[in-house]
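Peer 1: Here it is: the structure, laid out below.
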Amino acid sequence: MVLNVEGIMYNSINTDFDTMKEYLIYGAELDGEYGFAKIPPINILPNETIDFDSSLNRNLKGHKNLNVNFYISDIKFQRLFNNCDRYLNHLKCFHSVMMPDFSVSFGLGGMPMALNIYNKWRNHALAWYMYLNDITVIPSVNIIPYKGREWLLDGLPKRSTVCCSTNGRVRSKAAREEFCGGFREMCERLEPKRVVVVGILPDELDSPVEIINFKSRGQKVNDRFGNGGR
């Protein structure tokens with residue numbers, strides 16, 4: 001039997017010393033059979049984005065006009081999950097942040113399903129907690145085929161600005177076509193006002209909604225050093 005937790009407001013801590021970090025979703029409305037924190041819709045337009053690791057550079061200027069994204073290796077923002085409170089004031093200095101993006105990986109060689117669910121839980125938990133602490137959060141969407149994985153869209157708002165990344169999704173024709181198919185399905189289900197895409201846009205993408213495109217960390221490194229940005 002699967003417990004449907006949709007509509008439940010989470011208001012309990014179930015482990016001694018909050019081992020599971022349930023405080024991150026305290027007060028959230030839970031969505032779907034796995035109970036992801038629902039992220040409120042938003043209608044904003046960032047001017048530029050920078051990844052979380054680069055945002056910690058003390059020489060960085062122009063914070064108030066910058067968005068912070070998490071489309072980098074998980075290890076580079078694990079510290080945020082370990083001690084979120086430590087970085088709240090830092091993130092408040094920026095225009096907005098994109099919802100954290102701990103990795104999901106399916107299919108042959110992918111992660112066990114429990115880890116995929118846990119990583120999505122962490123993404124939503126951190127986004128909710130930042131929202132509670134007056135940080136403007138853009139919901140982030142995993143763009144993949146959703147058949148059998150519809151839960152990947154649980155907890156995400158309809159008719160909102162959302163964001164996604166094409167990192168690792170444009171290296172082959174098959175990967176680009178898979179991304180484009182998932183993108184269209186996401187748009188049908190969430191009906192976003194616009195999508196902020198970080199990374200290279202596939203030539204095959206025929207978007208039904210407005211796209212705002214920013215360069216990824218890899219592209220910026222390529223622009224500076226010529227090392228390849230895909």
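The values are calculated or read from the model by the stated rules, or taken from the named source; none is laboratory data. Only a predicted model underlies this, so the values are computations on that prediction, with no experimental measurement involved. Every residue, glycine as well, gets a Cβ built from its backbone with ideal geometry; the counts of neighbours run over all protein chains shown. Quick note on the areas: whole protein, heavy atoms, side chains included, nothing else; ligands and nucleic acids left out. Shrake-Rupley method; radii C 1.70, N 1.55, O 1.52, S 1.80 Å.
Peer 1: Looking at Ser216, Ser165, can you tell me which residue is surrounded by 16 or more Cβ atoms within 10 Å (Cβ to Cβ), modelled with pLDDT under 95 and among the hydroxyl-bearing types (Ser, Thr, Tyr)?
Peer 2: Ser216
Peer 1: Those residues that are acidic (Asp, Glu) and touching a residue at least 40 places away in the same chain (Cβ under 8 Å), I need them from segment 182-210; list them, please.
Peer 2: Glu185
Peer 1: I'd like the residue in segment 188-207 that is more than 22 Å from Phe70 (Cβ to Cβ) and not in a loop (DSSP other than H, G, I, E, B) and, out of all such residues, is most open to solvent (accessible area, probe 1.4 Å).
Peer 2: By that ranking, first place goes to Glu188.
Peer 1: Any idea which residue in segment 70-83 is least open to solvent (accessible area, probe 1.4 Å), counting only those that are over 13 Å from Ser103 (Cβ atoms) and of a type in the set (S, T, N, Q)?
Peer 2: Ranking the qualifying residues of segment 70-83, first place goes to Asn83.
Peer 1: Got a sec? Which of Arg184, Arg171 is among the charged types (D, E, K, R), open to solvent by 10 Å² or more (accessible area, probe 1.4 Å) and in a loop (DSSP other than H, G, I, E, B)?
Peer 2: Arg171
Peer 1: Answer yes if at least one residue in segment 145-157 is buried (at least 20 other Cβ atoms within 10 Å of the Cβ) and part of a loop (DSSP other than H, G, I, E, B), and no otherwise.
Peer 2: yes
Peer 1: Sort out which residues of segment 13-69 are open to solvent by less than 30 Å² (accessible area, probe 1.4 Å), of a type in the set (Ser, Thr, Tyr) and in contact (Cβ under 8 Å) with a residue 40 or more places away in the chain, and write them in order of number.
Peer 2: Thr49
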